[in-house]
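Q: Structure incoming, see below.
The values are calculated or read from the model by the stated rules, or taken from the named source; none is laboratory data. This one's a predicted model, so the numbers in the text were calculated from it and none came from an experiment. In this analysis, Cβ positions are derived from the backbone assuming ideal geometry, glycine residues included, and neighbour counts consider all displayed protein chains. SASA here: full protein model, heavy atoms, side chains in, ligands and nucleic acids out. Shrake-Rupley method; radii C 1.70, N 1.55, O 1.52, S 1.80 Å.
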Amino acid sequence: MSSFIVYPAIDIRDGKCVRLQQGDYSQETIYNDSPVTVAKSWEEQGGQFIHLVDLDGAKAGHPVNDSIIGAIAKNANVPVQVGGGLRTLADVEKLLGLGVSRVIIGTAAINDHAFTEAVLARYGDKVAIGIDARGGYVATHGWLNTSEVRAEDLARELAAKGAETFIYTDISRDGMMQGPNVEGILSMAAASGKTVIASGGVTSLDDLLRLNVHSGSGIGGAIVGKALYTGNIDLTSALQALGQPSGSRGGL
């Protein structure tokens, strides 16, 4: 697999494929009634790895759309990573048992250190730590709350506990089509010494190319959501521009 991966994003709410603006549940756009269909489309366009968010799960504190997630994992021929409401080992084990390749621990990384450390110890590279930041501080519970913990400090601490992959979202950029916070992503990579996947604000092919330049400095890829749905980025063309011809396949 390429060292820089484009992750097409599917956010699931009420069983549908949606996008929120800056994580605001009241600012929702429904793009498709079938997340499974959307996932197959991204795969057919050359996607190497699919990023899923259970928005209902993030709000509820436990997986809600696991049947849809399982259907996507079963039907896709590429790996799937999932975040949203994972708070217990049983939740993690259930998703991995459904065929999910990597789980994303978000809120629990702040609120339950014992759980986070246990998941990292047991599942290692099947775990990514999702750090969503507002003004440099970690946001939790589907971005509804902002903690007093600095994002870079959390990354540094969890890297020491075994985390190998981080997903960094600058909430101020998410869904706003303003471009990613490259400096913030690079700071996270430097603080943790690990791979950081960029999330939030990727608007154009230029944004992807700008991130790809830093693949040797710890930026391992980018999650792309709204720009794919609006047509600002064509997945197949973007992958070709990044030197990843459509149809390339990958895994963990």
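Q: How far apart, in nm, are two points set 7 Å out from the Cα along the Cα-to-Cβ line at Ser3 and at Glu148?
A: It works out to 4.1 nm between the two label points.
Q: Another question about this same structure. Only helical DSSP H runs with n ≥ 4 go in: add -39500 (n - 2.57) per run for the chain, normalise by residue count and round the 222 nm mean residue ellipticity to 500 deg cm²/dmol.
A: That comes out to -10000 deg cm²/dmol.
Q: I would also like to ask the following. Tell me whether segment 170-243 comes out rounded, prolate or oblate; compute the Cα gyration tensor, take square roots of the eigenvalues as a ≥ b ≥ c, and use a/c under 1.5 as the rounded threshold.
A: It is oblate, given that a/c is not under 1.5 and a/b is not larger than b/c.
Q: Any idea what the relative contact order of segment 145-206 is, in percent, if you count C-alpha pairs under 8 Å spaced at least 6 apart?
A: After rounding, I find 42 percent.
Q: If you take the square roots of the eigenvalues of the alpha-carbon gyration tensor of the chain and sort them as a ≥ b ≥ c, do you get rounded (a/c under 1.5), prolate (a/b over b/c) or oblate?
A: Rounded, since a/c falls under 1.5.
Q: Pairs of alpha-carbon atoms within less than 8 angstrom and 6+ residues apart define the contacts here; what relative contact order does the chain have, in percent?
A: 20 percent
Q: Separate question: Once you place label points 7 Å from the Cα toward the Cβ at Glu157 and Thr230, how far apart are they in nm?
A: With each label placed 7 Å out from Cα toward Cβ, I get 3.6 nm.
Q: Here's something else I'd like to know. For Ile50, what residues show an amide H to amide H distance below 5 Å, using hydrogens built from the backbone and excluding near sequence neighbours?
A: Long-range HN contacts for Ile50: Val80, Gln81.
Q: Shape of segment 1-50 from its Cα gyration tensor (a ≥ b ≥ c, root eigenvalues): rounded if a/c is under 1.5, otherwise prolate when a/b > b/c, or oblate?
A: Since a/c reaches 1.5 but b/c is at least a/b, the shape of segment 1-50 is classed as oblate.
Q: Turning to a different aspect of this structure: Quick one: with all protein chains in place, what share of the accessible area of the chain is carbon or sulfur, to the nearest percent (1.4 Å probe)?
A: 45 percent
Q: Turning to a different aspect of this structure: Which pairs, out of Lys74/Lys161; Lys194/Lys226; Lys16/Lys74; Lys16/Lys126, put more than 29 Å between their alpha-carbon atoms?
A: Lys74/Lys161
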